[in-house]
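First the structure, in the form of structure tokens, and then the observations on it.
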Amino acid sequence: MADIGKDIERPLGQSVRAPRGAGKVSAGMVAASVVVLAVVGVSAAIALREKPFRKPQEVAVSTPKVTASAEPAASPPALAPATTPKAQTPVKDLSTKSGGPQIIHVQTEEGDGPPKAAIVIRDPSTVGQNLKIAHLPDKALIETSETGPLPMRSADGRRPFDVYARPWSGSRGARVAIIIGGLAVSQTGTQAAIAKLPAEVTLAFAPQGNSIGRWMTAARQSGHEIVMQVPLEPFDYPNVNPGRNTLTVAATPDENLKNLHWALSRTTNYTGVMNYMGARFSSDAAAMEPFMAELGKRGLAYIDDGSSARSLAPDMALKDGVPFVTGDTAIDAVQDRGAILKKLDSLEATARAKGTAVGIGSAFDLTVDTVSSWVAEAKKRGIEIVPISAVAIDPQKG
């Protein structure tokens, strides 16, 4: 009652003072709030440090740094990692399409640690040729001459036969090699042959042709293996004449080598030579010996078209270490589609029976069209079309 009386007597406008204990309670609440905010702030900082809300592409493993070296590797294709990365972006294949296996160095970056490396050995035979550079000659395989570049073995023993060969599967199935010759004689015919024929078909250039360097580039960039034709003396020469700079039985070895060098210098990037005619020349040991020895010296193959049963080429090639091929049949002696198809079918039968078969043809429009369509169908039947180097008997490889 005393307090009520005091309130009645208090002048109007004056308020009652709060007890001193109330201020202490408010300060405790403020302190607790500060602690809670601090805890929340620390948790947020930790969460942000783990970057959970960054863009996915920024969190993903960075793209590997890839460099290719031209170091040869004797081992078969294999994966030999120095350290095994946990994650790795797919690497674009940088293997060249010619020459031996290459080593690809792969750099991957993981987390905050140092980059980890892996080495992948690629065998170009499993992916084909590098078409962008297939037409470029290996300078180590070139000898300069008065008539032009001559093929030669490199200082380390590499041969044009190996370096310029088109890769193939290496399987033991039925294989057919087809050579189409006479390229560079007709400009339109040559262009059509290169454009239409499957890349597995080998092309042979006539040394008397025009723009051979241009056509060699086009052929190699299209994936073809190529060979050079060399005019050799036939029976009834000169009534039957293979053309300019024919190698003859009557000529001296030096004269024949000069004519051979002329033919060889017409272009580069070929694996061997094939006779153009030459039934008489190939049956004469005195004429053939220096010719075949020169091919062995330069690391070239010899392809005998198989037209002469008297040819001494097989025995001489073995003696001089020359990779050798004999044709099984001329596929277009009769210019008729049905006849050509029969010859091609006979090649398939031979390949199934013996493992390999070799057909020789010329760059006629009918031949090119028929071979192109037959190859597409033969592949579906399990026949592998291979370059001529894939069926050669190589004395240097046992």
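Just a few scattered comments:
- Given (1) under 15 Å from residue 179 (Cα atoms); (2) without any contact (Cβ under 8 Å) to a residue 12 or more places away in the chain; (3) under 27 Å from the mean Cα position of the chain (by Cα), number of the condition residue 333 does not satisfy: (3)
- Residues of the stretch 350-366 that turn out to be in contact (Cβ under 8 Å) with a residue 40 or more places away in the chain and either surrounded by fewer than 21 Cβ atoms within 10 Å (Cβ to Cβ) or small (Gly, Ala, Ser) (or both), as a count: 11
- Strands (runs of 3 or more DSSP E) contained in the stretch 279-398 and holding at least 2 residues touching a strand residue (DSSP E or B) at 6+ places or on another chain (Cβ under 8 Å) and over 24 Å from residue 267 (Cα atoms): 356-362, 384-386
- Residue in the stretch 326-349 that is of a type in the set (S, T, N, Q), over 22 Å from residue 225 (Cβ atoms) and surrounded by 15 or more Cβ atoms within 10 Å (Cβ to Cβ) present: yes
- For first residues located in the stretch 234-248 and over 15 Å from residue 282 (Cβ atoms), partners that are modelled with pLDDT of 95 or more and in a strand (DSSP E or B) and lie 6+ apart or on another chain with Cβ distances below 8 Å form the pairs 243/231; 243/276; 244/231; 245/231.
The values are calculated or read from the model by the stated rules, or taken from the named source; none is laboratory data. Because the structure is a prediction, the values reported are computed rather than measured. Methodologically, a virtual Cβ is constructed for each residue, glycine included, from the backbone with ideal geometry; neighbour enumeration extends over all protein chains shown.
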